[in-house]
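As structure tokens, the structure follows; a few thoughts come after it.
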Amino acid sequence: MMKPTKYEMMVLLNNEFNDDEIKTWSLNYVKTLQKLNASEITVSTRGKLELSYEIKNQRRGNFIEVTFLSPPKSNEVFRNSLKFDSNVLRFLVLNKAN
């Protein structure tokens, strides 16, 4: 098994989510990461912010930051699950390895 890599992810969620829905969404993805053998998972809500341009008919979005350790293969599986989540407007995953 490959050594886990540290990742930092920023997710832009649909503006229509309220705080409880964001917590539920975050918890579901933490569980998904855990099933993929990720560890040291932290989730931070950055709040609703105005977007520079419209994305999928949205002018505002909820920003969520997630950091985790994960094998590279698991990260790919996780990224694919985000691609098919209709509540995710955009996401970016950065490899934080030195």
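Assorted remarks:
- Exposed trypsin sites (Lys or Arg not before Pro) absent - longest run of the chain, DSSP non-H/G/I/E/B, at most 15 other C-beta within 10 Å: 1-55
- The charge dipole of the chain, taken about its Cα centre with unit charges on the Cβ of Lys, Arg, Asp and Glu (plus for the first two, minus for the last two), comes to roughly 320 debye.
- Across region 29-36, coupling constants 3J(HN,Hα) worked out from phi with the 6.51/-1.76/1.60 Karplus curve, θ = phi - 60°, read 6, 5, 4, 4, 4, 4, 5, 8 Hz, and Gly and Pro carry x.
- All other residues whose Cβ lies under 13 angstrom from that of THR45 are scored, Lys and Arg at +1 and Asp and Glu at -1, for a net of -1.
- Value of [θ]222 nm, deg cm²/dmol, for the chain, DSSP H segments ≥ 4, -39500 (n - 2.57) each, nearest 500: -9500 deg cm²/dmol
- In region 1-91, GluC sites (Glu not before Pro) in a DSSP loop with at most 14 other beta-carbon atoms within 10 Å: GLU16
- Net +/- balance of residues flanking SER70 in space, Cβ distance below 13 Å, scoring K and R +1, D and E -1: +3
Only the coordinates and a few stated rules stand behind these numbers; no lab work does. The shown structure was predicted, so the numbers you read here are calculated from the model rather than taken from an experiment. In this analysis, Cβ positions are derived from the backbone assuming ideal geometry, glycine residues included, and neighbour counts consider all displayed protein chains.
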